[in-house]
Amino acid sequence: MFCKNCGSVMEDGAQFCSKCGTKVQTEEAPAAVSEPVESAPEYVEETPAPTENVKEKFIKTPTKSGKSYAVIFTALTLLPAIFVLMIDYVANLAVDWPATKYVVGALVVVWICSVLPVIRIMPAPITAIICFASVTLYAMFVIKEINGSMEWFTVFALPMIMILAVFIGLDSALAANKIATAVMPGIVAAEAAIYSFVFGILWSHYYDDAVYMPRISVVFACGFLMLAVILAAMGYVRMINQKK
């Protein structure tokens, strides 16, 4: 360290110069300005906004195209019904022709089976059951009017129709499932096996002398069941290979 006045060499830490006595002026280091430390942001747990429980409506609103189709088809159905009723009343001053009942009933069934599947206001299984129920009731009405007896229909035909309606409703409900869609041929074959077995039982119950019908139905049922296993396995393997 050197003196600023005379330039003599000074010992480190000396307060005065040993030759000229000049006081050593020490430069004070500027105080370090502490920068404000940013505090870590506080973690605020975000609570999810309450979601509304939206329940799917059982009865849906039809689309514009569905409404248009329903209106047009309803008008086309009402016109022949009104015409037949008018002719019957003008001719007989009453609505008592059997043909009038058949025509009007058939038009109602046609309207149900043609409009409900298009407007899709209800789930597909319910729509299928309603359509089959309408056809069944109309068939019962016609048979009752023609034969006067419905024993064979109630004992044999009606259970078969109801089983078929259940199968169609089940297939419609499974159509949205990917796995069920892949094995759908197998499911249909299994339903055919059940249908064949029930057919044999109901036939033997209605015809007491039909001894061989249950055995034949078991043969058909086993054949359809084996086919169902093969088709279901093939469909499942095809689905797995498509995923790869």
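Annotation note: of GLY66, GLY21, GLY13, the sole residue that is under 26 Å from ILE130 (Cβ atoms), at pLDDT below 90 and either under 39 Å from the mean Cα position of the chain (by Cα) or loosely packed, with under 11 Cβ neighbours inside 10 Å (or both) is GLY66. The single condition among (1) closer than 21 Å to GLY66 by Cα; (2) surrounded by 17 or more Cβ atoms within 10 Å (Cβ to Cβ); (3) of a type in the set (Ser, Thr, Tyr) that THR136 does not satisfy is (1). Across region 164-183, the qualifying residues are those that are of a type in the set (A, V, I, L, M, F, W, C) and assigned to a loop (DSSP other than H, G, I, E, B), and the one among them that is surrounded by the fewest Cβ atoms within 10 Å (Cβ to Cβ) is ALA176. With respect to the conditions (1) of a type in the set (Gly, Ala, Ser); (2) over 22 Å from ALA232 (Cβ atoms); (3) at pLDDT 80 or above, ALA180 lacks only one, and its number is (2).
Which one is nearest to the chain's Cα centre (by Cα), of the residues in region 189-244 that are of a type in the set (Ser, Thr, Tyr) and more than 28 Å from LYS178 (Cβ to Cβ)? Applying the filter and picking the extreme gives SER196.
Residue pairs whose Cβ atoms lie under 6 Å apart, sitting 6 or more positions apart in sequence or on different chains, and linking a residue in region 167-182 that is in contact (Cβ under 8 Å) with a residue 24 or more places away in the chain and under 17 Å from ALA193 (Cβ atoms) to a partner that is in a helix (DSSP H, G or I) and not basic (Lys, Arg), are PHE167/GLU191; ILE168/ALA128. ILE161 satisfies every condition listed in (1) surrounded by 15 or more Cβ atoms within 10 Å (Cβ to Cβ); (2) of a type in the set (A, V, I, L, M); (3) closer than 15 Å to PHE199 by Cα; (4) out of contact with any helix residue (DSSP H, G or I) (no Cβ under 6 Å at 6 or more places or on another chain) except (4). For region 137-163, filtered to residues that are part of a helix (DSSP H, G or I) and polar (S, T, N, Q), the residue that is nearest to PRO98 (Cα to Cα) is ASN147.
Taken over region 114-128, the criterion of being touching a helix residue (DSSP H, G or I) at 6+ places or on another chain (Cβ under 6 Å) and over 26 Å from THR100 (Cα atoms) is satisfied by PRO117, VAL118, ILE119, ALA124, PRO125, THR127, ALA128. Being at pLDDT 85 or above and more than 35 Å from the chain's Cα centre (by Cα): is that true of LEU116 here? Taking the combined requirement at face value, the residue does not satisfy it. Yes or no: region 38-60 includes at least one residue that is at pLDDT below 90, farther than 23 Å from PHE167 by Cα and surrounded by 10 or more Cβ atoms within 10 Å (Cβ to Cβ). Yes, some residue in region 38-60 is at pLDDT below 90, farther than 23 Å from PHE167 by Cα and surrounded by 10 or more Cβ atoms within 10 Å (Cβ to Cβ).
The values are calculated or read from the model by the stated rules, or taken from the named source; none is laboratory data. Since this is a predicted model, take the numbers as computed values, not measurements. Note that each Cβ is placed from the backbone with ideal geometry, even for glycine, and that neighbours are counted across all protein chains shown.
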